[in-house]
Amino acid sequence: MRIAIQGEFGSFSHQAALTMEPLATIVPCALSADVFKLVENAEVSAAVIPIENSLAGSVVEHFDLLFQSEVQIERESLLRIRHNLIGTPGSTIDGIRRVLSHPVALAQCRRFFSAHPKMEPTAFYDTAGSVKYITGLGDGQAGAIASEQAALAYGGDVLAAGIEDNPANYTRFFLIRRSADVQPVPAPDKASIAFTVANRPGTLVSALQVFAEHNTNLCKIESRPVHGQPWQYIFYVDFDYQVSGPAATSAALDQLRRQCLLVKELGHYPAAQPLS
């Protein structure tokens, strides 16, 4: 099974993909748009994409691509994000002077940098990519912050493990497939949809009221601008229907379609449990 990810080998997306499909062949892509294109063109079986982090928030580009592409969410997973200081083989934590990583990862390790003032945080395009860079450089004074998977991928040494400020740091990932290839889940208990409403007073309230009327619990709501239509928005909603049940969910979506300009079902899937 070939699974596309955005980022380098050793990234958290790589780790999440192997957690969901341990025997998968990972296909790394530089751009998220390329990931979705590979799925749509059936050049890979699926893709694993991050959709939100419990601390940093949503990956908004992926909401846009889910709406624009002919793909469906088949599964979700929650990955506990553990940041590690990684150095070249033989380096020591006391010798590190410059630490590279993605800006979000650097921001999530502020206490570590406060405790090690000789280390200069340096923004880099990717967490795993920073490990690839420093191990290729062979500089014992350069370190990187990334997953343990990245250290394994590029032969780096973990000099300090679990250096993130907040241990309640999770990223939610979706496994997506081409819409035509998605197999219906026998007992889904969560769904993601996108919808648009007319720009009139009360239309959004009326749309959301549908979920309350059908005893459907909203887990998340996100708005994104409609490309080419200034001040028009697409609303993304996650909801569970463990209480209401499939029949009520279907009735809610039918009623929602009557009130909205457009409703797109992005996927029905089992709700994820936290992973180590």
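The values are calculated or read from the model by the stated rules, or taken from the named source; none is laboratory data. For clarity, every value in this text was computed on a predicted model and none was experimentally measured. Quick reminder, even Gly has a Cβ in these numbers, built from the backbone with ideal geometry, and neighbours come from all protein chains shown.
Taking the stretch 66-75 as the range and being within 11 Å of residue 174 (Cα to Cα) and either of a type in the set (Asp, Glu) or in a helix (DSSP H, G or I) (or both) as the test, the residues that pass are 66, 74.
Scanning the stretch 212-235 for residues that are surrounded by 14 or more Cβ atoms within 10 Å (Cβ to Cβ), in contact with a Phe, Trp or Tyr (Cβ under 8 Å, 6 or more places away or on another chain), of a type outside the set (Val, Ile, Thr) and at pLDDT 90 or above gives 222, 224, 235. Note on the stretch 1-58: among residues that are among the small types (Gly, Ala, Ser) and closer than 24 Å to residue 134 by Cβ, the one that is surrounded by the most Cβ atoms within 10 Å (Cβ to Cβ) is 13. Quick one: in the stretch 125-146, which of the residues that are out of contact with any strand residue (DSSP E or B) (no Cβ under 7 Å at 6 or more places or on another chain) and buried (at least 18 other Cβ atoms within 10 Å of the Cβ) is modelled with the lowest pLDDT? Applying the filter and picking the extreme gives 126. Taken residue by residue, the stretch 174-190 has at least one member that is among the aromatic types (Phe, Trp, Tyr), assigned by TED's automatic domain parsing to the domain that holds residue 49 and either modelled with pLDDT under 95 or not in a loop (DSSP other than H, G, I, E, B) (or both). Given the structure, is residue 151 buried (at least 18 other Cβ atoms within 10 Å of the Cβ), in a strand (DSSP E or B), among the aliphatic types (A, V, I, L, M) and modelled with pLDDT of 95 or more? No. Here residue 195 passes the criteria (1) modelled with pLDDT of 95 or more; (2) outside the structural domain of residue 108 (by TED's automatic domain parsing); (3) surrounded by fewer than 20 Cβ atoms within 10 Å (Cβ to Cβ) except the one numbered (3). When the strands (runs of 3 or more DSSP E) confined to the stretch 80-124 are screened for residues that are among the small types (Gly, Ala, Ser) and surrounded by 15 or more Cβ atoms within 10 Å (Cβ to Cβ), those reaching at least 1 such residues are found at 84-87, 98-101. Just one of the listed residues (202, 143) is in contact (Cβ under 8 Å) with a residue 12 or more places away in the chain and not assigned by TED's automatic domain parsing to the domain that holds residue 14, namely 143. Report yes if residue 63 is touching a residue at least 40 places away in the same chain (Cβ under 8 Å), outside the structural domain of residue 266 (by TED's automatic domain parsing), assigned to a loop (DSSP other than H, G, I, E, B) and buried (at least 17 other Cβ atoms within 10 Å of the Cβ), otherwise no. Judged against the criteria, residue 63 is not a match. For residue 135, the conditions (1) without any contact (Cβ under 8 Å) to a residue 60 or more places away in the chain; (2) among the β-branched types (Val, Ile, Thr); (3) in a strand (DSSP E or B) are fulfilled apart from (3).
Against the test of being more than 17 Å from residue 60 (Cα to Cα) and surrounded by 13 or more Cβ atoms within 10 Å (Cβ to Cβ), the options 189, 254, 238 yield a single qualifying residue, 189.
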